[in-house]
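Reviewing the structure listed below.
Please treat every number below as a calculation from the coordinates, not as lab data. Just so it is clear, the model here is predicted, and its values are computed rather than measured. So basically every Cβ, Gly included, is an ideal-geometry build from the backbone, and we count neighbours across all protein chains shown.
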Amino acid sequence: MANFRTKDKAAVEELVDAAAEISGLGERLKDKVKGYSKGMKRRLLVARALMTKPKLAILDEPNSGLDVLHSVHVRTLIKRYAKEYGVTVLLSSHNMLDVEYLCDKVALINKGKVVAEGSPSELKEKYSAVNLEEVFGEVVGFA
């Protein structure tokens, strides 16, 4: 039985280490969550979703409320977890920079309907756009 507990403890420590790396919270990871800023809570939620290396992670606005440096950190980690651990990420975001950087396939939705879909490069080429924001504007008619 002691061997089982040792394995459990090691597994928990591994998850905590992963959460610390993903969230970037360092020693603050041990603080009470009620004392966290909005950005810290967001990073903790992303860590919760990725630390177990799931087959599918559904992330809704993972960079909402984050400053530039933490946004880059979270994007980089999401991309890394997808590549290294085979995590499929279903991302919902209004941030086209996140979408363009993180997604292999994109479905642009307006008023509850898919208005365009494809890879970011296919969509940009099809609509002669520099980025996905321009594609979206073109598709919904405000560009």
Of the listed values (i) 1.09; (ii) 1.25; (iii) 1.02, identify the label whose number matches Cα Rg over 2.2 N^0.38 Å calculated from this model. (ii)
Long-range HN-HN contacts of A57 with modeled amide H, under 5 Å: T88, V89, L90
Stretchable slack from L56 to A11, in nm (0.36 nm times residue separation minus alpha-carbon distance): 14.2 nm
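Counting other beta carbons within 10 Å of each residue's own, what order do K113, K41 fall into, fewest first?
Lowest count first: K113, K41.
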With +1 on each Lys and Arg Cβ and -1 on each Asp and Glu Cβ, how big is the dipole of the range 2-103 about its Cα centre, in debye rounded to the nearest 20? 300 debye
Local net charge near Y101, Cβ-Cβ under 14 Å (Lys/Arg +1, Asp/Glu -1): +2
In straight Cα distance, which lysines are under 28 Å from K55, not counting same-chain residues fewer than 8 positions off? K7, K9, K30, K38, K41, K79, K83, K105, K113
Hey, in the GNM for the chain with a 10 angstrom Cα cutoff, which one of A20, A129, A47 fluctuates hardest? A129
Neighbour counts of other C-beta atoms within 10 Å: give me R28, R75 arranged from fewest to most. R28, R75
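What percent do you get for the relative contact order of the range 2-103 when only Cα pairs under 8 Å and 6+ apart count? Display every interim value, and only then the final one.
Working: 98 pairs, mean separation 24.9, N = 102.
Computed over the range 2-103, the figure is 24 percent.
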Give the long-range amide H neighbours of I109: residues separated by 5 or more places, or on another chain, with amide H under 5 Å away, using H modelled in the peptide plane at 1.01 Å from N. V115
